[in-house]
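The next block holds one structure in the form of C-alpha cells; read it before the comments.
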Amino acid sequence: MQEENKKWNKRESISSWLDTLIHLIGYTLVLITVSMIFKKTVYIENIYWGFLAILIIFVLNKTIKPVLTWLTIPLTAMTLGLFYPLINAFILKLSDWILQSNFNVHGMWMLIIVSVVISIMNAIMDNWIIDGILKGGKRK
C-alpha cells in the first residue's frame, strides 16, 4: 500500500511539472505573438530569450505580484480595477530590466495595452487550449 502511494505521488509530481512546462510553452507562444503584433512596443531577441522572459515573468508573478496586489488593494478598489494592468505592466518592465537588450518593452501607454492583451491571450490559452490538451478534450 505504501509503495502504491509513492508511485502515485511520483506520478502527481511529474504531472504537475509537465503541466507547468506546457503552460510556460503556451505563455511563450503568447509573448512571441504579442511581440509580432506590437513590433514597436515589445522586442524579443529570439525564442530562447522569449522562453527565459516567460520564466522570469512567471517567477515574478508568483513572488512579487501577490505582494504588489495586496499593497495596492485600496488603489485598485478606488479605480474600480483600472490600476491592476499597471501591476502587470510593472512586471513586464521589471523583466525588461533583468534581461537588458534581449527583451525590451517601450512606451508606457502601449505597455499597459500590451499587458492587457497578454492577460486576455493567456486566459484564452489557459481555458481553451491548454486545458483541452491536459484533459484530453474532456470538459467538466
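Selection of the range 99-118 for residues being part of a strand (DSSP E or B) and either buried (at least 20 other Cβ atoms within 10 Å of the Cβ) or out of contact with any strand residue (DSSP E or B) (no Cβ under 9 Å at 6 or more places or on another chain) (or both) yields 103, 105. Residue pairs whose Cβ atoms lie under 8 Å apart, separated by 6 or more positions or on different chains, with the first residue in the range 59-87 and touching a residue at least 24 places away in the same chain (Cβ under 8 Å) and the second in a helix (DSSP H, G or I) and of a type in the set (Val, Ile, Thr), are 60/91; 61/91; 64/91; 65/87; 65/91; 85/112; 85/116; 86/112. Among the residues making up the range 119-139, none is touching an Asp or Glu at 6+ places or on another chain (Cβ under 8 Å) and buried (at least 16 other Cβ atoms within 10 Å of the Cβ). For the range 34-48, a residue qualifies if it is surrounded by fewer than 16 Cβ atoms within 10 Å (Cβ to Cβ) and not charged (D, E, K, R), and the qualifying residues are 36, 37, 46, 47, 48. Restricting attention to the range 32-55, the residues that are part of a helix (DSSP H, G or I), in contact with a strand residue (DSSP E or B) (Cβ under 9 Å, 6 or more places away or on another chain) and closer than 15 Å to residue 115 by Cβ add up to 3.
The condition of being out of contact with any Pro (no Cβ under 9 Å at 6 or more places or on another chain), charged (D, E, K, R), part of a helix (DSSP H, G or I) and closer than 17 Å to residue 32 by Cα holds for only one of 96, 131, that being 96.
Considering the range 70-89, the residues that are assigned to a helix (DSSP H, G or I) and not aliphatic (A, V, I, L, M) include one that is nearest to the chain's Cα centre (by Cα), namely 88. Checked across the range 75-82, the condition of being more than 26 Å from residue 39 (Cα to Cα) and buried (at least 16 other Cβ atoms within 10 Å of the Cβ) holds for at least one residue. List the residue pairs whose Cβ atoms are under 8 Å apart, where the first residue sits in the range 13-35 and is charged (D, E, K, R), the second is part of a helix (DSSP H, G or I), and the two are 6 or more positions apart or on different chains. Filtered contacts from the range 13-35: 19/134. The condition of being modelled with pLDDT of 85 or more, under 20 Å from residue 128 (Cα atoms) and within 19 Å of the chain's Cα centre (by Cα) holds for residue 25.
The values are calculated or read from the model by the stated rules, or taken from the named source; none is laboratory data. Quick caveat: nothing in here was measured; it's all calculated off a predicted structure. As a convention, Cβ positions derive from the backbone with ideal geometry for all residues, glycine included, and neighbour counts pool all protein chains shown.
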